[in-house]
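The structure appears right after this line, and notes come after that.
All of the numbers you see were taken from the coordinates with simple rules; none came from a lab. All values derive from a computational prediction rather than experimental measurement. Positions of Cβ are backbone-derived with ideal geometry, glycine not excepted, and every protein chain shown enters the neighbour counts.
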Amino acid sequence: MMGLGGALFEAIDFADGQIRNASLTQYRVPRLPDLPEIDVVLVDWPDQPSAGGGETPIVAVAPAIANAIFSACGTRLQAMPLAPRGVVPIGVA
């Protein structure tokens with residue numbers, strides 16, 4: 001969820017040197033309806049030490065989404081957020 005927000009639409013808007021979306025009501029973060037269905041699988045490996053499961057994989061979310069968009073419609077997006085207004089511009093090289 002955190003990776004989707006940063007990849008797709010989280011951005012600070014500036015105008016005339018001021019932050020335009022300074023409150024949480026104006027700053028777009030992902031909500032549960034934004035997420036695809038997720039199957040969670042917990043693996044029981046008692047002989048292995050625990051390791052964090054959330055922060056490290058976040059770096060792969062934006063490139064994976066950008067590559068999926070390119071594969072689907074030929075649009076190569078190279079700046080985040082990838083779809084700040086919820087729309088992917090078609091035909092961007």
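How many of the residues in segment 34-57 are farther than 26 Å from ILE69 by Cβ and not in a loop (DSSP other than H, G, I, E, B)?
Total meeting the criteria: 0.
Which of the residues that make up segment 17-33 are loosely packed, with under 10 Cβ neighbours inside 10 Å and part of a loop (DSSP other than H, G, I, E, B)?
GLY17, SER23, LEU24, THR25, ARG31, listed by residue number.
Looking at the structure I just gave you, is SER71 hydroxyl-bearing (Ser, Thr, Tyr), in a helix (DSSP H, G or I), without any contact (Cβ under 8 Å) to a residue 12 or more places away in the chain and over 18 Å from GLY3 (Cα atoms)?
Judged against the criteria, SER71 is a match.
Using beta carbons and a limit of 7 Å, which pairs, at least six apart or on different chains, have the first residue in segment 17-37 and within 10 Å of LEU4 (Cβ to Cβ) and the second one of a type outside the set (A, V, I, L, M, F, W, C)?
Taking only residues 6 or more apart or on different chains, the pairs are VAL29/GLY5; VAL29/GLU10; PRO30/GLY5.
Mind checking whether some residue in segment 55-70 is over 17 Å from the mean Cα position of the chain (by Cα) and either on the phi > 0 side of the Ramachandran plot or exposed (fewer than 12 other Cβ atoms within 10 Å of the Cβ) (or both)?
No, there is no match, as no residue in segment 55-70 is over 17 Å from the mean Cα position of the chain (by Cα) and either on the phi > 0 side of the Ramachandran plot or exposed (fewer than 12 other Cβ atoms within 10 Å of the Cβ) (or both).
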